[in-house]
Amino acid sequence: MNDPHAAEPALTELLEQARQAALNSYSPYSGFRVGAALKLTNGEIVTGTNVENVSYGLTICAERSALVRAVAQFGPKIRIEAVAVANLNDAASPPCGACRQVLAEFAGPDTRVAFPAADGVRTMSFAALLPMAFDMKLK
Ligand code: ZN
């Protein structure tokens, strides 16, 4: 299912929460202020922001920051219904590859993901965002 299209109305509030989370960004090196909001299937919304580090490689993205917070708050059985990403730089910011793989652990193929693209906010299914995610199915 390859279905990029305009932001769904149901995700408008989630996008606003992601934008609010971006206000707390710790990004002194890049100045790229990103926020993410996860809507969980238990109805809760958990936000996160990017936290940079002077050693650069230890930086954590807003999406993973939100996910770690969600598990810490609600436990290992959480499932993600929708993801919204926003930034304060008026730039495209689809989830990076690392975040897609980490979110895949708690998302389903129909999980909705909204993010700023070059041509405006896009909403996609998780299956379209990360086809062939790594999985470890042992025989
Ligand atoms: Zn990322």
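From (1) farther than 23 Å from Asp119 by Cα; (2) open to solvent by 20 Å² or more (accessible area, probe 1.4 Å); (3) among the β-branched types (Val, Ile, Thr), pick out the condition that doesn't hold for Thr12. All conditions are met except number (1). Among the residues that make up the stretch 68-87, is at least one of them under 20 Å from Ala117 (Cβ atoms) and among the basic types (Lys, Arg)? No, every residue in the stretch 68-87 fails to be under 20 Å from Ala117 (Cβ atoms) and among the basic types (Lys, Arg). The set of residues in the stretch 79-121 that are surrounded by 14 or more Cβ atoms within 10 Å (Cβ to Cβ), within 15 Å of Ala10 (Cα to Cα) and of a type outside the set (A, V, I, L, M, F, W, C) comprises Glu81, Thr111, Arg112. When residues in the stretch 127-136 are screened for being closer than 12 Å to Pro94 by Cβ and not in a loop (DSSP other than H, G, I, E, B), 2 of them pass.
Among the conditions (1) surrounded by fewer than 17 Cβ atoms within 10 Å (Cβ to Cβ); (2) within 13 Å of the ligand (Cβ to nearest atom), Gln20 misses just one, which is (2).
The set of residues in the stretch 60-87 that are without any contact (Cβ under 8 Å) to a residue 12 or more places away in the chain and assigned to a loop (DSSP other than H, G, I, E, B) comprises Gly75, Pro76, Lys77. When Ala66 is tested against (1) touching a Leu at 6+ places or on another chain (Cβ under 9 Å); (2) more than 15 Å from the ligand (Cβ to nearest atom); (3) open to solvent by less than 70 Å² (accessible area, probe 1.4 Å), just one condition goes unmet, and that condition is (2).
The values are calculated or read from the model by the stated rules, or taken from the named source; none is laboratory data. Because the structure is a prediction, the values reported are computed rather than measured. Cβ sites come from the backbone with ideal geometry, for glycine too, and all protein chains shown count toward neighbours. Each accessible area value is taken on the protein alone, full model and side chains, heavy atoms only, with ligands, DNA and RNA left out. Shrake-Rupley method; radii C 1.70, N 1.55, O 1.52, S 1.80 Å.
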